[in-house]
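Read-outs: derived from the displayed coordinates by stated rules, not from any lab. The structure displayed is predicted, hence computed values, not measured ones. Because the Cβ atoms are built from the backbone with ideal geometry, glycine has one as well, and the counts that use them run over all protein chains shown.
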Amino acid sequence: MPLENVTVTRYNEIQEVIRSSSRLAPRGAGSKTALQTTLSSVTTLNVSDLRGVLAYQPQEFTFTALAGTPLAEIERLLAENGQYLPFDPPLVGRGATLGGTVAAGLSGPGRYRYGGIRDFILGLRFIDGHGKVVRAGGKVVKNAAGFDLPKLMVGSLGRLGVMLELTFKVFPLPPSYGTLRSEFQALSAALDAMLHLGRLPLDIAALELIPHANGAALYIRLAGDQQILPSRLNRLRAILGLKDDEILAGQTEHDFWQEQKEFTWIEAAHTLVKVPVTPRRVVALDKQLAAHGAARRYSAGANLAWVAWPGDSSTLDHMLEEQGLSALAVLGANGQVRLGRQVGAAFEARVKQALDPAGKWLAL
Amino acid sequence: MDNSSLHTALSRIYPPDRLLTNPAQLTPYESDALTSFRARPKAVVIATSQSEVIQTVRLCHQLGVPFVARGSGTSLSGGSLPCADGLVIALNRLNRIIRLDPHERLAVVEPGVVNLEVSRAAAPFGLYFAPDPSSQPVCTIGGNLAFNSGGAHCLKYGMTSNHVLALKVVLPDGEVIELGSESLESTGPDLVGLFVGSEGLFGIALEVTLRLIPKPEAYKTVLAAYRSLGKAGDTVAQIVACGLLPGAIEIMDNLAIQAAEAAVQAGYPLDAQGLLVVELDGETRIVEAEFEQLMEVIHASGAYAVHVARDEADRQRIWKGRKSAFSAVGRLSPDYIVQDGVVPRSRLGEALVEIQRLSAAYDLRVANVFHAGDGNLHPLILFDGRQSGALERAEQLAGEILHLCVRFGGSITGEHGIGMEKRNFLPVMFSEADLQVMQALHRAIDPDQIANRGKMFPA
Ligand SMILES: Cc1cc2nc3c(=O)[nH]c(=O)nc-3n(C[C@H](O)[C@H](O)[C@H](O)COP(=O)(O)OP(=O)(O)OC[C@H]3O[C@@H](n4cnc5c(N)ncnc54)[C@H](O)[C@@H]3O)c2cc1C
């Protein structure tokens, strides 16, 4: 157990804790269980009390909120105003906070269409390793002044500082959705169909693959005006020459994507691991994952594998290292957090040195 | 460091025709598109391979000679201005498209590849590179990357940064590193995101992996003319309020319209005080449905003339007018400054009134062209450099506009970067603590400050 658990609401209190501690790890709602630390020498800085939307003007397409604000609260507010976060932040149902999602660098199925969390973050306020409150980026949808620290914080896992406030860009919420599900006898055939679709001038909201014992299912999500959805879905069918397919609509459709975002398909004892991939590498990776009995789903047009790893993560670590892939453990028991090959580690070390020379923020 | 030993060392890397040292050869490199700043470098080297760039950076590091990477030199903020005691590394001939993969929708390019060339190479596969700065027929991917350049279609598609997947970089101390991967997703801090927009201060990008996207199936491009600039601005708010996400929303004022018409005959109504260009793009069925919605708004908006692009040629003509606006203003005035600032979209109207007031107070004409969807203003300040003090007054006016942007909660640059021009304005937007963190990062990556020395941070 951590030595000391501090729940702080004011910036100066946080600064005080930072100054007086030698090892720190920020914590939001704790929804990403694999990213918690159990080291007793580390002070957990609980910022889940830093919650609330500070500024939101729908016509600006931006909002600023405290880092500990639950995404559920933000999504509700945005939806009331006909807007949303197009990258579909995951684990919202488990209490994910805005800051925690940035730190973990997680995006859901919607990242296929308009980009991931990195593409929607605009600015932030954070406290660095010196205990200084720092602002970076801007509060408007476009800004090129200074280094892009907001993007740097995406995926930083709390090791570069603790985030206090974040500004995001939002988009108009699509009025309705429809999904086409199609079965393929082999994963490679489903991938080919997916790649073909990806090159066509179609507005596809999400594109996901679920392999199973007899092949794979491809899920194609469309968003937009309810009236034209049926004709757009039919067009997809015609393009793919589909026979064995099914259209998901209404609650069923919603529930499917909800399951994708919440990872309800994962067994509690398994570790959920995020593995960035490219479509071309999926078949080889999938074979290995299947051999280890890991459930897996491919997201964002097969740019991301979500893996439910059953065993010891060191086996997965070696396997990914060999394939030149990197990964992040998200849910499950605390073990190794970053797996596989780390690209740019030397550059990252320089960045860490600059922002946290004393190494106060725990490196996960 | 004496000139002759630098020269000797460089001549081991470059043949004489790619190592420029005499004044006549150096003159074209003395400034970028912000011509009021000039400096003569010691030498210019024209690299044609990555290895030459790496060797040159290592040499500079060893000898403590500052260097400036240069693409096409179209920076509007003095970003590619040489250091007087340094070297310019010209990259426009390091311009191979190394690989274009239509299946995975990416292109691996060298930094000297011209922006539009990427889309041209991708076109046979129905793909394109989305960032579209008006300078895209000439500016390079390296320059786009350094400034996180934008264009007319940023609101929907984002800036350069949103389209860069991976990088190979030579750091200022000569270390060669890779950042990112071919995947859209990554783990660990977004280092690619940090490098993009670092204005050449973190070293030189040698290879860039770009994301390509399918070219939209259909476009609808609408021109709407207004008797007041404010009305055009109000219409933007209405379009956004009805839930549309157009590919581009641009506005030009009368002076900009006059200039563009004189230059390229885009068919703009010369008497309009405000001209709105709205473009919808996407799947045909969607664009058709959105077009109806858009036209309802436009027809209720008080536009006195509305024109919808008839075909692709007409659409291109409309865009040509808008994209040539900067250079076209040269027809109205011997000299001008292109300013770049951002205000919250809902305060565009107020900002324009304020700019008009400043224009009158300084007795300098200001033409306005802007990415209205992003609140990104481009006031063009017209002056005659032959009149004594005119440049200083124009610069002062430009500075007041930047203060206004910050006061309104916006930014001192939306896409042209800080460079040399705005380095003293960075503290207007950021506190001492904010700057200290950026400078600490800078020092960690370039302790000797040899890469693009003197840029971005206050003198
Ligand atoms: C008429 C006109 C219209 C314009 N319109 C737009 C517009 O719509 N949107 C917009 O954003 N900008 C616009 N610009 C500005 C300019 O074109 C962009 O900033 C462009 O990206 C610069 O590209 P370049 O190749 O000319 O770069 P340069 O001017 O040569 O260099 C720009 C900066 O990039 C650095 N650099 C170059 N290559 C590398 C590399 N390989 N690695 C690291 N650093 C490097 C340089 O050191 C310098 O700091 C316009 C400019 C003009 C003249």
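Over the stretch B:177-322, what is the relative contact order in whole percent, taking alpha-carbon pairs under 8 Å and six or more residues apart?
Values: 186 pairs, mean separation 46.9, N = 146.
Relative contact order of the stretch B:177-322: 32 percent.
Using modelled amide H (1.01 Å from N, peptide plane; none on Pro or chain starts), what sits under 5 Å from the amide H of A:Tyr84, excluding residues fewer than 5 places away?
A:Phe171, A:Leu173
Calculate the dipole size of chain B relative to its Cα centre from +1 charges on Lys and Arg beta carbons and -1 charges on Asp and Glu beta carbons; express the result in debye to the nearest 20.
Using only the charged Cβ atoms, the result is roughly 780 debye.
At 7 Å along Cα-to-Cβ for each site, give me the label-to-label distance between B:Asp101 and A:Asn81 in nm.
My value for the distance between the label points is 4.0 nm.
Averaged over A:340-349, how many beta carbons belonging to a partner chain fall within 10 Å of each residue's beta carbon? Please report the intermediate quantities before stating the final value.
Numbers: counts 1, 1, 2, 11, 15, 3, 3, 14, 6, 1.
Averaged over the peptide's residues, the number is 6.
Place +1 on the Cβ of every Lys and Arg and -1 on the Cβ of every Asp and Glu in the protein assembly as shown, take the dipole about the Cα centre, and give the residue among B:Ala237, B:Leu377, B:Leu76 whose Cα lies farthest towards its positive end.
Looking along the dipole axis, the top candidate is B:Leu76.
Roughly how many debye, to the nearest 20, is the charge dipole of the stretch B:218-327 about its Cα centre, given +1 on each Lys and Arg Cβ, -1 on each Asp and Glu Cβ, and no other charges? Provide the component values of the computation, followed by the final result.
Numbers: 10 positive and 15 negative charges, 60 e Å.
Magnitude of the dipole: close to 280 debye.
State the three equivalent ellipsoid semi-axes of the stretch A:46-181, derived from the C-alpha gyration tensor as the square roots of 5 times its eigenvalues, in descending order and whole Å. Walk me through the intermediate numbers first.
Working: eigenvalues 113, 49, 43 Å².
One finds semi-axes of 24, 16, 15 Å for the stretch A:46-181.
Let me have the 222 nm mean residue ellipticity of the protein assembly as shown computed from DSSP H runs of 4+ only, each contributing -39500 (n - 2.57), with the sum over all residues rounded to the nearest 500.
Details: 27 runs with 266 residues, N = 823.
The helix contribution divided over the protein assembly as shown gives -9500 deg cm²/dmol.
Can you put A:Phe120, B:Phe195, B:Phe457 in order of Cβ neighbours within 10 angstrom, beginning with the fewest?
Going from sparsest to densest Cβ surroundings: B:Phe457, A:Phe120, B:Phe195.
Mind checking the full-extension length gain between B:Ser431 and B:Asp448? Use 0.36 nm per residue of separation minus the Cα-Cα distance, one decimal, nm.
That works out to 3.7 nm of additional length.
Per residue of the stretch B:70-75, in order, report the coupling 6.51 cos²θ - 1.76 cosθ + 1.60 (Karplus, θ = phi - 60°) as ³J(HN,Hα) in whole Hz, putting x for Gly and Pro.
These are the phi-based 3J(HN,Hα) values: 9, x, 9, x, 9, 3 Hz.
Mind listing the phi-derived Karplus ³J(HN,Hα) values for the stretch A:247-257, rounded to whole Hz, using 6.51, -1.76 and 1.60 with θ = phi - 60°, and x for any glycine or proline?
Karplus-based 3J(HN,Hα) across the stretch A:247-257 equals 9, 9, 9, x, 4, 4, 5, 4, 4, 4, 5 Hz.
Give the calculated FRET efficiency between B:Val176 and B:Ser4 to the nearest 0.05, with a Förster radius of 22 Å applied to their Cβ-Cβ distance.
0.15
Counting only other chains, what is the mean number of Cβ atoms within 10 angstrom of the Cβ of each residue in peptide B:192-200?
Counting Cβ atoms of other protein chains within 10 Å of each residue's Cβ and averaging gives 6.
Mind listing P(r) for the stretch B:3-90? All alpha-carbon pairs, 5 Å bins, whole percents.
Cα pair-distance distribution for the stretch B:3-90, in percent: 3, 15, 29, 26, 17, 8, 2.
If you average 1/r over all unlike Cα pairs in chain B and invert the result, what Kirkwood radius do you get in angstrom?
About 22.9 Å for chain B.
Given H placed on each backbone N at 1.01 Å, which residues far from A:Ala206 in sequence or on other chains put an amide H within less than 5 Å of it?
For A:Ala206, the qualifying residues are A:Arg221.
Below 10 angstrom from the Cβ of A:Ala308, what's the summed charge of the other residues (Lys, Arg +1; Asp, Glu -1)?
Result for the local shell: +1.
Roughly what angle does helix A:71-80 make with the longest principal axis of chain A, taking Cα atoms, 0 to 90 degrees, to the nearest 10?
Once rounded, one gets 60 degrees.
Between beta-carbons, use under 15 Å as the cut-off and find the net charge around B:Ala394, counting Lys and Arg +1, Asp and Glu -1. Mind dumping the intermediate values first?
Values: positive: B:Arg365, B:Arg386, B:Arg393, B:Lys422; negative: B:Asp335, B:Asp340, B:Asp363, B:Asp384, B:Glu392, B:Glu395, B:Glu400, B:Glu421.
Summing Lys/Arg as +1 and Asp/Glu as -1 gives -4.
May I have the convex hull volume per residue, in Å³, for the Cα set of the stretch A:168-250?
117 Å³
Above 16 Å lies some portion of the pair distances; for the stretch A:271-340, what is it as a whole percent of all C-alpha pairs? Present the calculation step by step, with values, prior to reporting the outcome.
On the way: 876 of 2415 pairs.
In whole percent, the share of Cα-Cα pairs in the stretch A:271-340 beyond 16 Å is 36.
Mind listing the long-range amide H neighbours of B:Arg453? Cut-off is under 5 Å, sequence gap 5 or more, other chains count too, H placed in the peptide plane at 1.01 Å from N.
Amide H neighbours of B:Arg453: B:Phe67.
Between B:Asp271 and B:Asn424, how high is the FRET efficiency from 1/(1 + (r/R0)^6) when r is the Cβ-Cβ distance and R₀ = 41 Å? Nearest 0.05.
0.55
Between the stretch A:217-289 and the stretch B:347-420, how far is it from one alpha carbon centroid to the other, in angstrom?
Cα centroid to Cα centroid, the span is 48 Å.
What are the ³J(HN,Hα) couplings of the stretch B:157-166, residue after residue, when phi is run through the Karplus curve with 6.51, -1.76, 1.60 and θ = phi - 60°? Round to Hz, x for glycine and proline.
For the stretch B:157-166, the Karplus-derived couplings read 9, x, 8, 3, 3, 6, 10, 10, 9, 8 Hz, x marking Gly and Pro.
When only Cα pairs under 8 Å and 6 or more residues apart are kept, what is the percent relative contact order across the stretch B:97-214?
Relative contact order of the stretch B:97-214: 31 percent.
So if each residue of separation counts as 0.36 nm, and I subtract the Cα-Cα distance between B:Thr284 and B:Gln356, what length gain in nm does that give?
21.9 nm
With +1 on the Cβ of every Lys and Arg and -1 on the Cβ of every Asp and Glu, and nothing else charged, how large is the dipole of the stretch A:271-340 about its Cα centre, in debye rounded to the nearest 20?
280 debye
Using only the alpha-carbon atoms of the stretch B:218-327, report the extent along each of the three principal axes, biggest first, to the nearest angstrom.
36, 29, 20
Which order results if A:Arg221, A:Arg113 are arranged by neighbouring Cβ count within 10 Å, fewest first?
Listing A:Arg221, A:Arg113 from fewest to most nearby Cβ atoms yields A:Arg113, A:Arg221.
Could you tell me which of the pairs B:Lys220/B:Lys422; A:Lys151/B:Lys323; A:Lys274/B:Lys323; A:Lys151/A:Lys243; A:Lys132/A:Lys169 are separated by over 32 angstrom between their Cα atoms in the structure shown?
Over 32 Å apart, Cα to Cα: B:Lys220/B:Lys422; A:Lys274/B:Lys323; A:Lys151/A:Lys243.
With each pseudo-label sitting 7 Å past Cα toward Cβ, what's the A:Ser20-B:Leu19 distance in nm, one decimal?
For the pair A:Ser20/B:Leu19, the computed spacing is 6.3 nm.
Find the relative contact order for chain B and round it to a whole percent, using C-alpha pairs within less than 8 Å whose residues are 6+ positions apart. Each step should come with its number before you reach the end.
On the way: 984 pairs, mean separation 67.9, N = 459.
Relative CO of chain B lands at 15 percent.
Please order B:Ser411, B:Ser36 by the number of other Cβ within 10 Å, starting at the fewest.
B:Ser36, B:Ser411
Find how many whole Å separate the alpha carbon centroid of the stretch B:183-258 from the alpha carbon centroid of the stretch B:102-181.
14 Å
Could you check the simple spin-label distance between B:Ala123 and A:Asn214, using points 7 Å along Cα→Cβ, in nm with one decimal?
In this crude label model, B:Ala123 to A:Asn214 measures out at 4.7 nm.
Of B:Leu106, B:Gly267, A:Leu166, which is farthest along the charge dipole of the protein assembly as shown in the positive direction, counting Lys and Arg as +1 and Asp and Glu as -1 at C-beta?
Sorting the options by dipole projection puts first B:Leu106.
Would you be so kind as to identify which of B:Gly200, B:Val176, B:Ser186 lies farthest towards the positive end of the dipole of the stretch B:170-321, taking Lys and Arg as +1 and Asp and Glu as -1 on Cβ and the Cα centre as origin?
B:Gly200
Calculate the mean, over all residues of peptide B:389-402, of how many other protein chain Cβ atoms lie within 10 angstrom of the residue's Cβ.
For this peptide, the per-residue mean of nearby foreign Cβ atoms is 0.
So what is the diffusion coefficient of the protein assembly as shown in µm² per second by Stokes-Einstein at 25 °C and 0.890 mPa s, using a Kirkwood Rh over Cα pairs? List each step's numbers first, then the result.
Details: Rh = 27.4 Å.
Taking Rh from Cα pairs, D becomes 90 µm²/s.
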